[in-house]
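Some notes on the structure that comes next.
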Amino acid sequence: MNKILSSKLFRVLWSSGLAMFLFYICPSCFSKITIGFILAILFFLVNGSGFINKFPIITHISRVLVGGLFIFSGFIKANDPLGFSYKLEEYFEVFKTDSGLSIFESFAHIALPLSILLCVSEMALGFMLLVGYKRNLTLGLLFTQIAFFTFLTFYSACYNKVTTCGCFGDFLVLKPWTSFWKDVALLVLITLLISGKENINELFTSLITLSLTAIAIALSFAFPIYAYRNLPPFDFRPYAIGMNIKENLKPGENYKPAEYESGFIYENLKTGKQEHFNMKNYPWQDTLNWKWIATDNILIHDAVNPPKIMDFSIMSLDGADLKDSVLNNKDYMFLLICYDLNKTEDNETLHAKINDLYKLADTDKIKVLALTASDLKQIDNYKHKHQAMYDFANADGIVLKTMIRANPGLILIKDGTIIMNWHHNNFPTYSDVKQKFMK
């Protein structure tokens, strides 16, 4: 039986059957010609191991490309595991809505540990591939992971569900289709590696390879845990230290806004297929063949050189706009970021430090303003529980989560410029801040 399953004929049969199945179920958002071309390449690679093994250089180049990209991608996400967990929550929310399965809500509750594990697996598998550790296991896990990511990015692009993939965090923001093609390229390279696996051997002795792999895995765990418990060591967000929020709210040179086309979705009553029509060609009179489903907008082109920050706003609890007064404050000012008061770190020692900082800052006429997306009742409960005397204002929760990866987190700002920021695990004393940063 094992001989039959490992035969070339069986490989041809199952690979052709799988290719035909994928070709058949491919949705209309993707060209049949394109999917056929991709599947043909994969079919050749799966069944061309004899040919591929004759050219070891092809395998070695693919090995370096895949291993290096997996390490880089995992490292960038591990630099900001909390931000990556927000992206996973977005995916799980989409899947829950579209499938109706409550299990995705459970996944959302463990998004943070999942994000760390995914970061670790990318970095560890990339390193294992480069050093040749456990070749078959490594290639199998690499293929499984890239197949999963290819499905995610294809689903997002095809149905316009998640507008950015989070593959490289805030370092490089990719659109869904761009990310999908990146995953297709990796899928092809990993399939090539599987076919040419006879050319993949350990670079060192077994003991050295095992020791290096163990160290790499340990470091892969340590880095994202450190980044989560502190702040991202490399900050690529528009609220990084030294950034000026007022400048990042301005569009770049030669700015052009995004352009959309208004139109309608109609369903063909004979075929059941839904199509988009613009304002000029929609079949509103042909009620025998077409049924109106919805109004929609199609993106014609993305904005050119848009502002780095699009939706920054601060509102007082009674509805007054505080954005300009905060950003144009020529004196130093503390922003205490608590995007969700129900999830804010509940530690008596921490809140005693916050209250001490507020009292000393207030003595020096330095403003402390807490920003949250929570409602008035939650704010009132929080202030009573922690004897908080500082003022609160409202801001968008997504913006607050972008400003600092901590809840609470502290930002020192002056005239719109981020002077310094702190995770609640490293909450400073007012005297230290005054001595080091208030020059």
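We did not get these values from a lab; they are worked out from the coordinates using the rules stated. All values reported here derive from a predicted model rather than from experimental measurement. As a convention, Cβ positions derive from the backbone with ideal geometry for all residues, glycine included, and neighbour counts pool all protein chains shown.
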Working note, region 48-229: Cα radius of gyration (Å, one decimal) and Dmax (Å, whole number) are 17.0, 51
At R0 = 30 Å the Cβ-Cβ FRET efficiency linking Glu261 and Ile33, nearest 0.05, sits at 0.75
Helix 348-363: inclination vs the chain longest Cα principal axis, degrees, rounded to 10, gives 50 degrees
Mean 1/r over distinct Cα pairs of region 315-437, inverted to a Kirkwood Rh in Å, yields 14.4 Å
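With Cβ to Cβ distances under 12 Å as the rule, what net charge do the other residues near Glu198 carry (K, R +1; D, E -1)?
Summing Lys/Arg as +1 and Asp/Glu as -1 gives +3.
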The answer for the per residue Cα convex hull volume of region 262-301, in Å³, is 60 Å³
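For each of His386, His424, His109, His276, count neighbouring Cβ atoms within 10 Å of the residue's Cβ, then give the residues from fewest to most.
The order, fewest Cβ neighbours first, is His109, His276, His386, His424.
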Of the listed links Lys367/Lys434; Lys308/Lys436; Lys87/Lys256; Lys32/Lys270; Lys87/Lys323; Lys161/Lys323, those spanning more than 24 angstrom between alpha carbons are Lys308/Lys436; Lys87/Lys256; Lys87/Lys323; Lys161/Lys323
Dipole check, region 48-229, charges on Cβ (K,R +1; D,E -1), about Cα centroid: among Val188, Phe51, Tyr86 the Cα furthest to the positive pole belongs to Phe51
Computed over region 315-437, the relative contact order (Cα-Cα under 8 Å, seq sep at least six) in percent reads 36 percent
Listed with the fewest Cβ neighbours within 10 Å leading, Phe277, Phe234 appear as Phe234, Phe277
Computed Rg/Rh for region 84-141 (Cα atoms; Rh = Kirkwood radius) stands at 1.15
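Could you compute how fast the chain diffuses translationally, taking Rh as the Kirkwood radius over C-alpha pairs and applying Stokes-Einstein at 4 °C with viscosity 1.567 mPa s? Give it in µm² per second. Intermediate results must be reported in sequence, preceding the final value.
Numbers: Rh = 25.5 Å.
The estimated diffusion coefficient comes to 51 µm²/s.
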Mean shadow area (nm²) of the C-alpha convex hull around region 367-409 is 3.1 nm²
Expressed in angstrom and ordered largest first, the alpha-carbon extents of region 184-318 along the principal axes are 76, 54, 35
